[in-house]
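Shown next, in C-alpha cells, is the structure this report addresses.
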Amino acid sequence: MRATPESALILWLPALRYFDVSHPLLKQLARADRLPEGSKGYLAGLAGYFAVADSELPAAALTRELLAGDAHDALWLSADPAWVQPDMNGVRLLACGRMQLSADDAHALADAVLPVIRDAGMQLEISTPDRWHLKLPADMTLPIFASPEQAMGEDLSQHLPQGEDGRRWRLLLNDIQIALHQHPLNAHRRAQGLPPINSLWLWGGGRMPALLTSHLSGVISDDLLLNALAQHAGIARQPRDVEKLSAANRGSLMDLQDLPADDIASFWWPSLRPLLNRSPVMMQFASGERWLHKPWHRWRFWRGAAR
C-alpha cells in the first residue's frame, strides 16, 4: 500500500481474529467499503507506510539513531534481551522486549556476555534496558535475521541463519545463551514471577537509509521503530493517547496494533466512534484486511455484521 484512500486517517489495528463478534468496531466494518488486502504483520505493515530504497527496514540502525543519535553510517544489529525455553520439539522464543529490566539489571547481564561479543569483533551498546544494539565491523556480511514477531513461540531452528554463512551467528547465539544461563539475576527474576533473560534476539541489521519516504503526514504511536521511521522521514510524531486520537487529521497513522482488542473496545472506542462520524477512516488490521469508512456510511443500517 503506497496511497491513502481518500486521504483518510489510518487506524492500524491488531489482527482481525482477535476481535470478538460483539466488538463495536465490527459493526462499523459492516457499513464500510472493503478494500484489497494490505501488508500482513508488523514489519511488513511498517514497510507499507515507509519506503526504503533497495533494502529491508534497517530496524537496528533506525532505533539506535532515535535513542542515541549516533547511528551515522555504521552497521548495526539489534540484540534485544529475550527468554527462550526448550521443550520436546526444540527451543522456543517466548519473550523479547518489555522484559521489565532496570538499567542496573541490564548492565549486570551485559557484563556476562561482553567477552563473547568482543571476541566476535563486535561492540555492545545498551540503548535502553530493553533495547540493545551491536555495532559491527563495516565489512561484515549479514544474513537475514527473523524479527521477534516472526519467531515468537516457534522453534528457533526455523528462524536462525542457516548454512555455512549462518554458522558463526548460531555459535555466537549459543555462547551468549551459555553466558546467561546461570546468571544470578535470573534466579531473582523467577522469585519475582518474571521470566529469565537467557538469550539475546538478533534482528533488524543494516545501516541508516539514505532515503526514506512516506505518504503519511504524521504518526500517533508509542512504538519505537515506528517513531524512528517517522523521525527519519521528517514526519510529525506524537505519543499515543485519547486526546491525540480525537484530534487526529487525515493522512495520519494511529497505531493501535499492539493493543488487546478488548482494550480498544473499553478504552479507545468512545474516542473512535465520533472520529468515524467526522472523517474518512481506513481501518487496516495486522492480518491484512482493510476497510474504508466514510462519515455517511453510518446510515447503512441494512448491512449485517462484517468478518
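Residues in the stretch 84-103 that are not in a loop (DSSP other than H, G, I, E, B) and not hydrophobic (A, V, I, L, M, F, W, C) were compared, and the one that is nearest to residue 149 (Cα to Cα) is 92. Mind listing whichever residues of the stretch 236-254 are over 30 Å from residue 106 (Cβ atoms) and surrounded by 18 or more Cβ atoms within 10 Å (Cβ to Cβ)? Those that are over 30 Å from residue 106 (Cβ atoms) and surrounded by 18 or more Cβ atoms within 10 Å (Cβ to Cβ): 245, 248, 252, 253, 254.
Check 302, 296 and return the single one that is at pLDDT below 90 and either at positive phi or part of a helix (DSSP H, G or I) (or both). Before the answer, list the steps.
On the way: 302 fails: either at positive phi or part of a helix (DSSP H, G or I) (or both).
Matching residue, one of 302, 296: 296.
Output the number of residues of the stretch 109-127 satisfying the condition of being in contact (Cβ under 8 Å) with a residue 12 or more places away in the chain and surrounded by fewer than 16 Cβ atoms within 10 Å (Cβ to Cβ).
So in the stretch 109-127, the residues in contact (Cβ under 8 Å) with a residue 12 or more places away in the chain come out as 109-110, 112-113, 115-117, 120-127.
So of that shortlist, the ones also surrounded by fewer than 16 Cβ atoms within 10 Å (Cβ to Cβ) come out as 115, 121, 123.
Summing the residues that are in contact (Cβ under 8 Å) with a residue 12 or more places away in the chain and surrounded by fewer than 16 Cβ atoms within 10 Å (Cβ to Cβ) in the stretch 109-127 gives 3.
Number of residues in the stretch 207-234 that are among the β-branched types (Val, Ile, Thr) and either at pLDDT below 95 or in contact with a Pro (Cβ under 6 Å, 6 or more places away or on another chain) (or both): the value is 1.
Condition (residue is assigned to a helix (DSSP H, G or I), among the basic types (Lys, Arg), within 24 Å of residue 113 (Cα to Cα) and not assigned by TED's automatic domain parsing to the domain that holds residue 13) applied to the stretch 173-190: is it met by at least one residue?
At the first step, the residues of the stretch 173-190 found to be assigned to a helix (DSSP H, G or I) are 173-181, 184-190.
Imposing the further condition that a residue be among the basic types (Lys, Arg) reduces the set to 189-190.
Now drop any that are not within 24 Å of residue 113 (Cα to Cα), which leaves 189-190.
Subsequent filtering for residues that are not assigned by TED's automatic domain parsing to the domain that holds residue 13 retains 189-190.
Yes, because at least one residue in the stretch 173-190 is assigned to a helix (DSSP H, G or I), among the basic types (Lys, Arg), within 24 Å of residue 113 (Cα to Cα) and not assigned by TED's automatic domain parsing to the domain that holds residue 13.
Among the residues in the stretch 14-34, are any farther than 30 Å from residue 179 by Cβ and under 17 Å from the mean Cα position of the chain (by Cα)?
Yes, the stretch 14-34 contains a residue that is farther than 30 Å from residue 179 by Cβ and under 17 Å from the mean Cα position of the chain (by Cα).
Give the residues of the stretch 145-171 that are touching a Gly at 6+ places or on another chain (Cβ under 9 Å), small (Gly, Ala, Ser) and outside any helix (DSSP H, G or I), sorted by residue number.
At the first step, the residues of the stretch 145-171 found to be touching a Gly at 6+ places or on another chain (Cβ under 9 Å) are 145, 147-150, 154-158, 160.
Filter once more, so that each one left must be small (Gly, Ala, Ser): 147, 157.
Residue satisfying the conditions is 147 alone.
Determine, yes or no, whether residue 231 is under 18 Å from the mean Cα position of the chain (by Cα), over 18 Å from residue 80 (Cβ atoms) and surrounded by fewer than 18 Cβ atoms within 10 Å (Cβ to Cβ). Yes: the conditions hold for residue 231. In the stretch 208-282, counting only strands (runs of 3 or more DSSP E) that sit wholly within it, none holds 3 or more residues that are in the same structural domain as residue 28 (by TED's automatic domain parsing), acidic (Asp, Glu) and in contact (Cβ under 8 Å) with a residue 60 or more places away in the chain.
Got a sec? Which of 91, 113 is over 19 Å from residue 206 (Cβ atoms), touching a helix residue (DSSP H, G or I) at 6+ places or on another chain (Cβ under 9 Å) and at pLDDT below 95? Give the steps one after another, and end with the answer.
On the way: 113 fails: at pLDDT below 95.
Only one candidate passes the filter, namely 91.
Just one of (1) under 20 Å from residue 160 (Cβ atoms); (2) among the polar types (S, T, N, Q); (3) touching a His at 6+ places or on another chain (Cβ under 7 Å) fails for residue 85. It is (3).
The single condition among (1) more than 26 Å from residue 46 (Cα to Cα); (2) surrounded by 12 or more Cβ atoms within 10 Å (Cβ to Cβ) that residue 182 does not meet is (2).
The values are calculated or read from the model by the stated rules, or taken from the named source; none is laboratory data. Here the structure is a predicted model, which means the values were calculated and not measured. Neighbour counts run over all protein chains shown; Cβ positions are idealised from the backbone, glycine included.
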